Amino acid sequence: MIKTIDLTKSFGDNLVLKDITTTIDQGEVVAIIGPSGSGKSTFLRCINLLEDPTGGFIWIKDKEITKPQVNKLAIRKNIGMVFQHFHLFPHMTVLENVTYAPIKVKHMKKDLAEKIAKELLAKVGLAEKVNAYPNRLSGGQKQRVAIARALAMDPEIMLFDEPTSALDPEMVKEVLDVMKDLAQTGMTMVVVTHEMNFAKEVADRIFFMDEGQIVEEGKPKDFFSKPKTKRAEDFLSKVL
Ligand code: ADP
Ligand code: MG
C-alpha cells in the first residue's frame, strides 16, 4: 500500500529523514515510536505530501507520488490524517466539519454526505453531538470528530500523529478504542504514538525511529521483549 525507497527530507542543512526504505502492506497497522525530533511527524507528512521529500521515492499502491507532475490533492483525498491538535473548523458544527470535504472536494450531494457523516459519528459514539460546535466538546470528543471527518473521505490509508498526546488521561481510551475498531476493519494505519500498550496490542509492526532513520522494525512482541539495538533498548527503558 505504501512503499518508500531512500526517502530523504531536509530542512535547510538539517537532514531529518535519511534514506528511509520500507513497505507497509494493505490492512497493516504500523506504530511508529521513537524520541522527539527523530523525524516521525516528517515521515507521516511526506507520505501524504504535506511535506515535499527532498530525495527518494514514495509509492501509494502502484502510483509513484514523488513524480513532479503529481496531483497532491488527489493523493490526499485517499489518505486521511489525524493530528495531535484536532484542527476542527471552529465555526462549523460537528456535522458540517464532517461533511465539508466530501461536499467540497468530492462534490458529494449534501443529503448523502450528511447520511454518511451521521453513520460515522454514530460509530465513534457521537450521534448526539451532530449539531454541537467544537468548543462544546471535550478533547476526546473533538478527536473522535476529527477521525470521523477523515473517514468521511473514505480513505484507503489513515495516518495518525500522536492523536492522544494532547488529551487528558481519562480521554485517551475512548480515542484509542475508536482506532482499535478501525484497525479491525482492515484499514491501513500508520500511527505515531507514545501509547506503548496500544502499540503492543493493536499494531502489526513497530517502527522505531531515531535520528531520521527506522533503526529497528519488528513485531510488537519481539520489539518490546527483545529490542535488537542499544538505541531502542535505551528508549524503552525510559518509556516503559
Ligand atoms: P518527531 O515527530 O519525531 O518529534 P519531527 O519530524 O517533527 O520529529 O522533526 C524532526 C526534525 O525536523 C526536528 O529537528 C525538527 O526541528 C525538524 N523540522 C520539522 N518540521 C520542520 C519544518 N517545517 N521546518 C524546519 N524544521 C523542521
Ligand atoms: Mg512529531
Where residue 53 falls short, out of the listed (1) out of contact with any Cys (no Cβ under 8 Å at 6 or more places or on another chain); (2) more than 16 Å from ligand 2 (Cβ to nearest atom): (1)
Options 151, 176: the member that is modelled with pLDDT of 95 or more and within 16 Å of residue 31 (Cβ to Cβ): 176
Among the candidates 20, 75, residue that is open to solvent by less than 40 Å² (accessible area, probe 1.4 Å) and either out of contact with any Asp or Glu (no Cβ under 8 Å at 6 or more places or on another chain) or not in a strand (DSSP E or B) (or both): 75
Count of segment 182-206 residues which are away from ligand 1 (no atom under 16 Å from the Cβ), within 13 Å of the chain's Cα centre (by Cα) and among the hydroxyl-bearing types (Ser, Thr, Tyr): 1
In segment 28-60, residue surrounded by the fewest Cβ atoms within 10 Å (Cβ to Cβ) [restricted to those that are on the phi > 0 side of the Ramachandran plot and touching an Asp or Glu at 6+ places or on another chain (Cβ under 8 Å)]: 56
Lone unmet requirement of (1) within 16 Å of ligand 1 (Cβ to nearest atom); (2) over 25 Å from residue 222 (Cβ atoms); (3) among the aliphatic types (A, V, I, L, M) for residue 60: (1)
Filter result for residue 227 (more than 13 Å from the chain's Cα centre (by Cα) and not charged (D, E, K, R)): yes
Qualifying residue in segment 125-144 (condition: in contact (Cβ under 8 Å) with a residue 60 or more places away in the chain and out of contact with any His (no Cβ under 6 Å at 6 or more places or on another chain)): yes
When residues of segment 153-172 are limited to those that are away from ligand 2 (no atom under 16 Å from the Cβ) and not acidic (Asp, Glu), the one most open to solvent (accessible area, probe 1.4 Å): 169
Verdict on residue 95 being more than 30 Å from residue 32 (Cβ to Cβ), modelled with pLDDT of 95 or more and within 22 Å of the chain's Cα centre (by Cα): yes
Unmet requirement for residue 92, which otherwise passes all of (1) more than 16 Å from ligand 2 (Cβ to nearest atom); (2) closer than 18 Å to residue 205 by Cα; (3) of a type in the set (A, V, I, L, M, F, W, C): (2)
Filter pass, residue 136 being more than 16 Å from ligand 2 (Cβ to nearest atom), of a type in the set (Lys, Arg) and buried (at least 16 other Cβ atoms within 10 Å of the Cβ): no
Per-region count, segment 78-93, residues of a type outside the set (A, V, I, L, M, F, W, C), open to solvent by less than 50 Å² (accessible area, probe 1.4 Å) and out of contact with any strand residue (DSSP E or B) (no Cβ under 8 Å at 6 or more places or on another chain): 1
Identity of the residue in segment 206-240, of a type in the set (Lys, Arg) and in contact with an Asp or Glu (Cβ under 6 Å, 6 or more places away or on another chain), that ends up surrounded by the fewest Cβ atoms within 10 Å (Cβ to Cβ): 228
Positions within segment 16-34 being of a type outside the set (A, V, I, L, M, F, W, C) and near ligand 2 (Cβ under 10 Å from one of its atoms), in sequence order: 34
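The values are calculated or read from the model by the stated rules, or taken from the named source; none is laboratory data. This one's a predicted model, so the numbers in the text were calculated from it and none came from an experiment. Neighbour counts run over all protein chains shown; Cβ positions are idealised from the backbone, glycine included. Just the protein is used for accessible areas: all its heavy atoms, side chains included, with ligands, DNA and RNA removed. Shrake-Rupley method; radii C 1.70, N 1.55, O 1.52, S 1.80 Å.
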